[in-house]
Amino acid sequence: MASKRQAAYIMSIHDVLKLPSLFEDKNNLPKVNVVGIVVSVDIDPQISTVVVDDGTSSIVLRFFEMHELLNSLTIGNIVKIIGSPRYLHNEIYVVPEIIKKIDKHKWIEYRNLELKILKPLYDSLLQTPLVEQPKENNNNDKITEETVVGDMIVEEEVVQNEEIKIEKSENILDKILITIAKLDTGKGAAYDELVSAINHQDCEKLLKKLIEQGEIFEVKPGRIKVL
């Protein structure tokens, strides 16, 4: 059976810095997905470093080979990073697998909304003992953070009673991304429910466009998540 896509944990930098205290295997920390503002850039032929801050804390990104984005990256840019945390000499940094500039500040609003939804899960996780990384299940499927956070199963009822108020966006793509976050209770937003909530004649075409751009993906048939 094919493995499920291993997505990254959507986290604040503050919580990323706590990961080494949560996992026994500090050499195999889970991938993370963070959004932050660039506060420092140091380009070097061997190892380049970028420091990003999301308002909760800051963290170093280390590039062990040149990335095409580095030459155009400047202080003040907003970036989304998907990467693997590394813990060395009591210091944690992230090795990016994907890094993208974000032109619209609406992404900050969207990310804050995601973190608000996930906060009860991470607060609970921080109260648990050290745990091992999730292993493969009996069906040889990779368990992803869509279904597991630490040693906790993420159920839909976790946030079903939470009220979420979102300002209307003039940009339909922003509206789609924000609506996905509103409808996603951990297992992805239901496609039919999303189309109904957006209520736009070109919604299906726009969803396809966002998938092609790598902004969202279908975690399983009929369920949409933001990358």
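The values are calculated or read from the model by the stated rules, or taken from the named source; none is laboratory data. All figures in this text were calculated on a predicted structure; none of them were measured in a lab. Quick reminder, even Gly has a Cβ in these numbers, built from the backbone with ideal geometry, and neighbours come from all protein chains shown.
General observations
- Those residues of segment 71-108 which are among the hydrophobic types (A, V, I, L, M, F, W, C), buried (at least 16 other Cβ atoms within 10 Å of the Cβ) and not in a strand (DSSP E or B), in sequence order: Leu73, Trp107, Ile108
- Unmet requirement for Leu29, which otherwise passes all of (1) aliphatic (A, V, I, L, M); (2) out of contact with any strand residue (DSSP E or B) (no Cβ under 8 Å at 6 or more places or on another chain); (3) over 21 Å from Lys100 (Cβ atoms): (2)
- Residue pairs whose Cβ atoms lie under 9 Å apart, sitting 6 or more positions apart in sequence or on different chains, and linking a residue in segment 202-215 that is among the charged types (D, E, K, R) to a partner that is part of a loop (DSSP other than H, G, I, E, B), are Lys209/Glu215; Glu215/Leu227.
- Looking across segment 51-70 at every residue that is assigned to a loop (DSSP other than H, G, I, E, B) and either of a type in the set (D, E, K, R) or assigned by TED's automatic domain parsing to the domain that holds Leu115 (or both), the one that is farthest from Val35 (Cα to Cα) is identified as Glu65.
- Enumeration of residues in segment 46-74 that are over 21 Å from His14 (Cβ atoms) and hydrophobic (A, V, I, L, M, F, W, C): Ile47, Phe63, Phe64, Met66, Leu69, Leu70, Leu73
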